[in-house]
Amino acid sequence: MEDSNTLKESESSCNFFNFISSDLTQLILSHLPIRSIIRCSAVCKLWHSITTAPAFISVADATPWFFLYGRNNIFVKKNQAFAFDPDANEWIKLPTNLFPPSILPESSFTGAGGFFFNTTANNFSFSPILKPSWRETNPLKFSRLNPLIGVINSDFELNSSLPTIIVVAGVRFIGGLVDIEDNLSVEIYDPNLDSWDLCPPLPADFRSNSSLSLSSALLKSKFYVLGIHSCFISSFDLKNRVWSEVQTLRPPGVIISFLVSCRNQLMLAGICNGRRGPTFNLWRIDELMMEFSEVAIMPSDLLDCLFNDYDGDDDDEVDDQFASLRCVGFGDFVFVFNEEHSRNYPACVCEIGTNSGECRWRRVPDLPEPVNRFHKVGGFCSTVSFRQIPR
């Protein structure tokens, strides 16, 4: 009955919209959350024609969604993926066919720039995040496990419907014998030739960092890599294909930190161990000078929601306590989550305003039930179009 009443109200609203210009109607509908646009497209012929027209652009399409996925190495049917729409403040449970049909326990599964990626040894494949259509590339030159991956969308690249992809580090150790430079190797996928170009490796300063202890961000024409614990940072120039000098980016008290690209600027997010206990901070980074300025601090009650059993003050204990912390960001949003199943993967989000002081924190709603136990968990941010959402 409630759905029927809602539909009648929507039809009444649609009749009202018959008396205003279609341009104004399009403008109003374009400011709705993506899932609301989908619902509106089914209300009446007028709204359907407006929202399905090629010229219709949703403002919400510029809002990045947070994708959280989990894999069960024993039972493939227990794999799950979710998408969080910050405008609607709700999760969407995604269909399991988003995962590749031949995913293996030793595969690396991740996402970036509107795509899912699957890496198994030298094999590499990718698919649009909401419209599964897996495409396998020619083999990588090096067998990899959990590499850093970025999607290059720049005007200096050739126009193509397929992504240009950069893969950094994560080379597998076979028999414990891998050259340092091989372990840090970089490859870039050329979609026009379906081939991988070998590029200069990540600087040797990162040789003690596994790929799981590295964080990356793609900004303008550079791919930045940061040691989560070491705080070493370097950038790869995508035009000239050279690495910058390695520097240290460590604000006072930082224990663990992550790179994110937000509002077309480089940002650092991390846990600080201060006099009053641990805090989660955001800093804006000057890309040229590699200097930092504080932007925001997460409210303590939100940090408690992510890690509610901290009872120590030793640096090593803090490091261990927050080892399951992960942080991703894009556009106006920074998402922080705990990848431990025992806490049901809690998360919070910070929306960064146009002015540095306008930062709004809030807790992300709990995931839809039931949530399975995962062996591997990951998350990333990506913009989506309402046309991509499963109906």
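The values are calculated or read from the model by the stated rules, or taken from the named source; none is laboratory data. These numbers were taken from a predicted model, which means no experiment stands behind them. In this analysis, Cβ positions are derived from the backbone assuming ideal geometry, glycine residues included, and neighbour counts consider all displayed protein chains. Only protein heavy atoms, including side chains, enter the accessible area calculation; ligands, DNA and RNA are left aside. Shrake-Rupley method; radii C 1.70, N 1.55, O 1.52, S 1.80 Å.
Which numbered condition in (1) within 20 Å of ALA323 (Cα to Cα); (2) crowded, with 21+ Cβ neighbours inside 10 Å; (3) in contact (Cβ under 8 Å) with a residue 60 or more places away in the chain is the only one that PHE206 fails? So PHE206 meets the others, but not (3). Any idea which of (1) more than 26 Å from ASP366 (Cβ to Cβ); (2) open to solvent by 20 Å² or more (accessible area, probe 1.4 Å); (3) out of contact with any Gly (no Cβ under 8 Å at 6 or more places or on another chain) is the one TRP47 doesn't satisfy? The one condition TRP47 does not meet is (2).
This table checks each residue for (1) in a strand (DSSP E or B); (2) farther than 17 Å from SER261 by Cα; (3) open to solvent by 50 Å² or more (accessible area, probe 1.4 Å).
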site: LEU212; (1), (2), (3): no, yes, yes
site: ALA217; (1), (2), (3): yes, no, no
site: VAL225; (1), (2), (3): yes, no, no
site: SER230; (1), (2), (3): no, yes, no
site: SER235; (1), (2), (3): yes, no, no
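Within the stretch 83-102, can you find the residues that are hydroxyl-bearing (Ser, Thr, Tyr) and either farther than 21 Å from PRO370 by Cβ or within 16 Å of the chain's Cα centre (by Cα) (or both)? Correct list: SER102 only. Regarding SER36, is this residue without any contact (Cβ under 8 Å) to a residue 60 or more places away in the chain, among the polar types (S, T, N, Q) and open to solvent by less than 50 Å² (accessible area, probe 1.4 Å)? For SER36, the condition - without any contact (Cβ under 8 Å) to a residue 60 or more places away in the chain, among the polar types (S, T, N, Q) and open to solvent by less than 50 Å² (accessible area, probe 1.4 Å) - is met. Restricting attention to the stretch 68-114, report how many residues are under 25 Å from ILE165 (Cβ atoms), surrounded by fewer than 19 Cβ atoms within 10 Å (Cβ to Cβ) and among the charged types (D, E, K, R). Of the residues in that region, 1 qualify.
Considering only residues that are open to solvent by 40 Å² or more (accessible area, probe 1.4 Å) and touching a Leu at 6+ places or on another chain (Cβ under 7 Å), which ones fall in the stretch 115-155? Within the stretch 115-155, ASN122, PRO132, LYS141, ASN146 qualify.
How many residues are more than 26 Å from ILE255 (Cα to Cα) and either open to solvent by less than 10 Å² (accessible area, probe 1.4 Å) or touching a Leu at 6+ places or on another chain (Cβ under 8 Å) (or both) if we restrict to the stretch 181-203?
To start, the set of residues in the stretch 181-203 that are more than 26 Å from ILE255 (Cα to Cα) comprises 181-182, 185-201.
Next, only the ones that are either open to solvent by less than 10 Å² (accessible area, probe 1.4 Å) or touching a Leu at 6+ places or on another chain (Cβ under 8 Å) (or both) stay: 185-189, 191-192, 196, 201.
The number of residues fulfilling the criteria is 9.
Taking the stretch 32-47 as the range and being of a type in the set (A, V, I, L, M) and not in a loop (DSSP other than H, G, I, E, B) as the test, the residues that pass are ILE34, ILE37, ILE38, LEU46.
Per the listing LEU259, LEU282, LEU268, the residue uniquely under 25 Å from GLU187 (Cα atoms), open to solvent by less than 10 Å² (accessible area, probe 1.4 Å) and modelled with pLDDT of 95 or more is LEU259. Identification of strands (runs of 3 or more DSSP E) wholly contained in the stretch 78-117 with 3 or more residues that are over 16 Å from CYS381 (Cα atoms), of a type in the set (A, V, I, L, M) and touching a His at 6+ places or on another chain (Cβ under 8 Å) yields no element.
Within the stretch 128-151, restricting attention to residues that are at pLDDT 90 or above and within 16 Å of the chain's Cα centre (by Cα), the residue that is farthest from LYS222 (Cα to Cα) is PRO147.
When you go through VAL349, VAL295 one by one, which is the residue that is at pLDDT 90 or above and either exposed (fewer than 13 other Cβ atoms within 10 Å of the Cβ) or under 18 Å from the mean Cα position of the chain (by Cα) (or both)? Steps first, answer last, please.
Details: VAL295 fails: either exposed (fewer than 13 other Cβ atoms within 10 Å of the Cβ) or under 18 Å from the mean Cα position of the chain (by Cα) (or both).
Every option except VAL349 fails the conditions.
Can you confirm whether the stretch 306-315 contains a residue that is outside the structural domain of SER41 (by the TED database), surrounded by 13 or more Cβ atoms within 10 Å (Cβ to Cβ), touching a strand residue (DSSP E or B) at 6+ places or on another chain (Cβ under 8 Å) and modelled with pLDDT of 70 or more? Yes, there is a match, as at least one residue in the stretch 306-315 is outside the structural domain of SER41 (by the TED database), surrounded by 13 or more Cβ atoms within 10 Å (Cβ to Cβ), touching a strand residue (DSSP E or B) at 6+ places or on another chain (Cβ under 8 Å) and modelled with pLDDT of 70 or more.
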